[in-house]
Amino acid sequence: QVQLVESGGGLVQAGGSLRLSCAASGRTFSSKVMGWFRQAPGMERDFVAAINWRGGLTQYADSVKGRFTIFRDIGRNMMYLQMNSLKPEDTAVYYCATSGRFSTSTSDYDYWGQGTQVTVSS
C-alpha cells in the first residue's frame, strides 16, 4: 500500500503561481513513476506530468509545457508541481498518483491521493 497526500492548492489570479506537494508513504519503493493528473467539473481526469522516481526523467502534457515543472525530493518522499503563468483553464482538482511505468493513462496508475483544488480566476 502507498498513501499519497496532496497539498498546496488554492485560489490564484491568472498569471500567478502555485506549488503543489505530494507526500508519499508506505511501500513507496515499488513506485517507479509518480504523476500529476487533473480533473475539471464534468470532464475526464487528464494527465499533467510524470517523473521517473530514480532517474528524474519527466514528461508533460502539451498544455502545460513551459509553464509547469515536476520534481521530487527522494529523501523526503515528496513530489512537487510548480505551476507558473496559470490560466483559468488550469482550474481543476489536481491528483498525484503512482505507477510502475511511465504512462499518461489513468488506468496505469494504481495509487491516488485525495486531490487538491486549484482555482484560477480571470
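The values are calculated or read from the model by the stated rules, or taken from the named source; none is laboratory data. Predicted, not measured: the structure shown is a model, and the values here were computed from it. Positions of Cβ are backbone-derived with ideal geometry, glycine not excepted, and every protein chain shown enters the neighbour counts. With ligands, DNA and RNA removed, areas are computed over all heavy atoms of the protein, side chains included. Shrake-Rupley method; radii C 1.70, N 1.55, O 1.52, S 1.80 Å.
Overall, the chain carries a charge dipole of about 360 debye about its Cα centre when +1 sits on the Cβ of Lys and Arg and -1 on the Cβ of Asp and Glu, all other atoms neutral.
Summing +1 for each Lys or Arg and -1 for each Asp or Glu, what net charge is found among the other residues whose Cβ lies under 15 Å from the Cβ of Val33? Could the numbers behind the result be given before it?
Values: positive: Arg27, Lys32, Arg54, Arg72, Arg101; negative: Asp108, Asp110.
After counting each charged neighbour, the total is +3.
Neighbours of Val120, meaning other residues whose beta-carbon lies under 12 angstrom from its beta-carbon, give a summed charge of +1 when Lys and Arg score +1 and Asp and Glu score -1. By the Kirkwood approach, averaging reciprocal distances over each pair of separate Cα atoms, the chain gets a hydrodynamic radius of 14.1 Å. Note on the chain: antiparallel DSSP beta bridges, both residues inside, total approximately 90 percent of the bridges counted.
For a quick check of understanding: with a 1.4 angstrom probe and all protein chains in place, what accessible area in square angstrom does Trp112 have, to the nearest ten? Roll a 1.4 Å probe over it and Trp112 shows about 70 Å².
Of the Cα atoms belonging to segment 74-122, the radius of gyration and Dmax stand at 13.0, 38 Å. Solvent-accessible surface (1.4 Å probe) assigned to Lys32 amounts to roughly 130 Å². Taking label positions 7 Å along the Cα-Cβ direction at both Asp62 and Ile74, the computed distance is 3.3 nm, reported to one decimal. Subtracting the Cα-Cα distance of Glu89 and Gln13 from 0.36 nm times their residue separation leaves 26.2 nm of extension gain. Arg19 contributes an accessible area of around 120 Å² to the protein surface, as traced by a 1.4 Å probe with all chains present.
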